[in-house]
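Notes to accompany the following structure.
The values are calculated or read from the model by the stated rules, or taken from the named source; none is laboratory data. What you are looking at is a predicted structure, and each value in this text was computed from that prediction instead of being measured. Positions of Cβ are backbone-derived with ideal geometry, glycine not excepted, and every protein chain shown enters the neighbour counts.
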Amino acid sequence: MSLMGNLNRALSATTGLQVRRATPAAPQQPPSPSPSPSPSKKAAAKPGKRPTPVYRCPAPGDLATDRLLRRPVFIMSPVRSGSTLLRMLLNAHPRLHSPHELHIRRLEVDFGSKLSQRAMSALDLERGDLEHLLWDRVMHRELVRSGKDVLVEKTPSNAFVHRRIRDCWPDARFVFLLRHPVSIARSWHEGDPGRRTFEEAAADALRYMKAVENARNAATGGDERNHTLRYEDLTATPEKELRDLCAFLGVAFEASMLDYGRRDDTQVVKGLGDWRDKIRTGRVQPGRALPAEDEIPELLRPLCAAWGYSA
């Protein structure tokens with residue numbers, strides 16, 4: 001029986017709860033940046049949609065009991081921005097574990113009966129609280145299995161739920177990986193040219209770019225909690241960028257990171273990050289030339305300006 005099946009059997013026998021993977025859906029554009037909600041319970045419902053789960057952001061004094069994973073690192077990046085390359089480089093470090101995309105936000109908890117809901121409410125645990133416990137347990141399990149110290153998660157769609165991730169792990173750290181928006185759109189189009197035109201790819205990728213920008217604007221904690229780097233710099237001067245990133249993460253730079261293929265050539269999973277030939281070389285490859293100013297479509301100009309790629 002699968003891990004999910006075993007988990008459901010055990011939960012149903014004891015509490016009536018069930019764990020299930022969420023039905024995939026197109027990510028929704030997040031609202032304009034606003035301060036993170038207070039630790040009080042919160043919920044919002046939209047007509048015709050499943051209500052946003054009620055959850056609690058643990059107070060600092062509750063972290064020891066509510067979270068197993070401490071100070072996780074999340075790479076916030078759009079699609080086709082080099083996040084798989086970055087995670088392979090980091091995963092080659094003896095203290096950093098960066099697995100394939102985990103998509104934890106698609107893991108949901110539901111109540112199998114009203115009695116189980118009453119039982120959990122009596123423990124001051126609503127559906128969202130239980131989901132956060134599940135997310136934390138899955139990621140902590142992965143870190144323990146790796147035998148390393150720090151977990152780095154890189155699923156691009158995490159940017160759409162950056163506020164909830166901050167509430168789930170109040171001590172989380174964030175790495176914002178940026179790339180020229182036109183290069184992102186071109187790479188997204190080239191990945192499946194028969195499915196979408198360049199214009200369609202640009203519009204689709206722009207949703208991720210805006211979500212990352214919203215996450216950057218909502219970032220708190222200053223340089224101690226947030227670090228920004230560019231794909232173009234990572235491919236041009238990888239050692240310098242990795243040294244700076246290691247300093248942010250509180251670990252010593254390891255030269256072996258630059259030859260990541262010798263340590264980690266088995267975790268390239270199709271559909272859970274980039275799996276093409278370039279990433280399989282095991283070393284950083286040169287990035288594509290930056291587009292000229294007149295090659296930037298009007299749709300992408302605001303993000304190009306916000307990220308310093310355009311006048």
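If you check PRO156 against the conditions, is it under 24 Å from ARG80 (Cα atoms) and not aliphatic (A, V, I, L, M)? For PRO156, the condition - under 24 Å from ARG80 (Cα atoms) and not aliphatic (A, V, I, L, M) - is met.
Could you tell me whether ALA44 is modelled with pLDDT under 95, small (Gly, Ala, Ser), farther than 30 Å from ALA201 by Cβ and out of contact with any Phe, Trp or Tyr (no Cβ under 9 Å at 6 or more places or on another chain)? Answer is yes for this residue.
Here the helices (runs of 4 or more DSSP H) wholly within region 136-240 that include at least 2 residues being within 16 Å of VAL73 (Cβ to Cβ) and touching a strand residue (DSSP E or B) at 6+ places or on another chain (Cβ under 7 Å) are 162-168, 198-217. Under the condition of being without any contact (Cβ under 8 Å) to a residue 12 or more places away in the chain and over 17 Å from PRO58 (Cα atoms), which residue from region 112-138 is nearest to the chain's Cα centre (by Cα)? Top of the filtered list is GLN117. The residues of region 101-114 that are closer than 18 Å to LEU134 by Cα and not in a strand (DSSP E or B), listed by number, are GLU101, LEU102, HIS103, ILE104, ARG105, ARG106, GLY112.
With respect to MET120, determine if the residue is modelled with pLDDT of 95 or more and not small (Gly, Ala, Ser). Here the answer is yes, as MET120 does meet what is asked.
Is it the case that region 155-169 has a residue that's of a type in the set (Asp, Glu) and either at pLDDT below 95 or surrounded by fewer than 17 Cβ atoms within 10 Å (Cβ to Cβ) (or both)? No, region 155-169 contains no residue that is of a type in the set (Asp, Glu) and either at pLDDT below 95 or surrounded by fewer than 17 Cβ atoms within 10 Å (Cβ to Cβ) (or both).
For VAL109, the requirement of being in contact (Cβ under 8 Å) with a residue 60 or more places away in the chain and among the β-branched types (Val, Ile, Thr) is met.
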